[in-house]
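Accompanying notes for the structure given below.
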Amino acid sequence: MKKTFNPTSVRRPFGNYNHGLLVPPGASLLVTSGQLGIGLDDTVPSDITAQAELCFKAIKRILEEAEMSFADVIRISGFVTRREDFPAYMAVRDRYTLDPKPVSTLLVIGGFTRPEFLVEVEVTAAKIF
C-alpha cells in the first residue's frame, strides 16, 4: 500500500496531487518517456485539451501493456508551453489520476522539438505483483 505525505508544516498542494508518496519494498517500477499530443496518424491537434488527452491516452496504453493502471502512477511530470494552459492541462490530468493521487510537477517551458506541440507528459508507476 502506498502512503501519502502532506505535512501540515508544508503548504497544502495547489491541486489534486500529494507532496510525497512512499512505495513499499518489492514494487515493480515503470518509467515512461514523455508523451506528446500526437495521434497515430501523426496529426497534432491545435488545442491544449486535445493534446493532453492524447498524452494521457498514450500513457494509459503503456501502463496497460505493463499490466498497470493510473492507480499505480506515483509521479506525473507535465510540461506546457503557455502558462494560461495550466487549467486545461490539470483538468485532463485530474480525469485520469486515481487515489492515492500521485506527486506532480508542472513546468512552463520554451517549447518542444516541433512548434505545434503544446504539452508533454511523463509518468512513473509502481506496483506490487
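Taking the range 22-41 as the range and being assigned to a loop (DSSP other than H, G, I, E, B) and touching a residue at least 24 places away in the same chain (Cβ under 8 Å) as the test, the residues that pass are V23, P24, G26, A27, T32, S33, G34, G37, I38. Take V108 and tell me if it is modelled with pLDDT of 95 or more, more than 28 Å from K3 (Cα to Cα) and either open to solvent by 40 Å² or more (accessible area, probe 1.4 Å) or basic (K, R) (or both). Here the answer is yes, as V108 does meet what is asked.
Considering only the range 12-34, I want to know if a residue exists there that is within 23 Å of F112 (Cβ to Cβ) and touching a Phe, Trp or Tyr at 6+ places or on another chain (Cβ under 6 Å). No, that holds for no residue. Give me the residue from the range 1-55 that is over 25 Å from V80 (Cα atoms) and touching a Ser or Thr at 6+ places or on another chain (Cβ under 9 Å) and, out of that set, most open to solvent (accessible area, probe 1.4 Å). The extreme case among them is L29. Here A58 meets the list (1) out of contact with any Asp or Glu (no Cβ under 9 Å at 6 or more places or on another chain); (2) open to solvent by 40 Å² or more (accessible area, probe 1.4 Å); (3) not acidic (D, E) almost entirely, failing just condition (2). Entry remark, the range 85-128: residues being in a helix (DSSP H, G or I), more than 9 Å from the chain's Cα centre (by Cα) and of a type in the set (K, R) number 1 in total.
Just to be sure, is M1 at pLDDT below 95, part of a loop (DSSP other than H, G, I, E, B) and aliphatic (A, V, I, L, M)?
It is true that M1 is at pLDDT below 95, part of a loop (DSSP other than H, G, I, E, B) and aliphatic (A, V, I, L, M).
Results for (1) under 12 Å from V123 (Cα atoms); (2) touching a His at 6+ places or on another chain (Cβ under 8 Å); (3) free of Cβ contacts under 8 Å to residues at least 40 places away in the same chain; (4) not hydroxyl-bearing (S, T, Y), shown as yes or no for each residue.
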site	(1), (2), (3), (4)
Y17	no, no, no, no
G20	no, no, no, yes
G78	yes, no, no, yes
G111	no, no, yes, yes
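Could you go through the range 69-76 and let me know if any residue there is of a type outside the set (V, I, T), open to solvent by less than 40 Å² (accessible area, probe 1.4 Å) and under 21 Å from P115 (Cα atoms). Among the residues of the range 69-76, not one is of a type outside the set (V, I, T), open to solvent by less than 40 Å² (accessible area, probe 1.4 Å) and under 21 Å from P115 (Cα atoms), which makes the answer no.
The values are calculated or read from the model by the stated rules, or taken from the named source; none is laboratory data. Since the structure is predicted, the reported quantities are computational estimates derived from the model, not experimental observations. Heads up, the Cβs are rebuilt from the backbone with ideal geometry, glycines too, and the neighbour counts pull from every protein chain shown. The accessibility values were calculated without ligands, DNA or RNA, using every heavy atom of the protein model including side chains. Shrake-Rupley method; radii C 1.70, N 1.55, O 1.52, S 1.80 Å.
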